[in-house]
Amino acid sequence: MERPIDTGTSTIPAESERMSLQNALSFIQKVGEEKSLQDKIRAVGKGVDLDEIMRIGLEEGFAFTVDELKSAFGKDWLMRRLYYRGRTDERD
């Protein structure tokens, strides 16, 4: 079993964990690009059921856990915030 790498200041996830996080990030990107997949997500309903979203991801070929999906959402929003903050700074 792979173990995370402790660098002393942070912990680097094991390769299998990084791949699952990448799968979740790739799934989020695909949802943003494909209307049919957006419709599947909307059909889940107003309550957020991450287990159902994880199942949809698996149907699309992306294996990840709910925790990895949450982490991917956080990273996705952080990157968006940094991107748009940079664009705002360019206009000033």
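Derivation of every value follows stated rules applied to the coordinates shown; laboratory data play no part. Because the structure is a prediction, the values reported are computed rather than measured. Cβ sites come from the backbone with ideal geometry, for glycine too, and all protein chains shown count toward neighbours.
Pairs please, first residue from the range 70-83 and without any contact (Cβ under 8 Å) to a residue 24 or more places away in the chain, second anywhere and loosely packed, with under 11 Cβ neighbours inside 10 Å and in a helix (DSSP H, G or I), Cβ atoms under 9 Å, 6+ apart in sequence or on different chains. From residues that are without any contact (Cβ under 8 Å) to a residue 24 or more places away in the chain, there are no pairs.
Scanning the range 42-60 for residues that are assigned to a helix (DSSP H, G or I), touching a residue at least 12 places away in the same chain (Cβ under 8 Å) and among the charged types (D, E, K, R) yields one hit, D51. Taken over the range 35-57, residues that are surrounded by fewer than 17 Cβ atoms within 10 Å (Cβ to Cβ) and under 11 Å from A24 (Cβ atoms) amount to 1.
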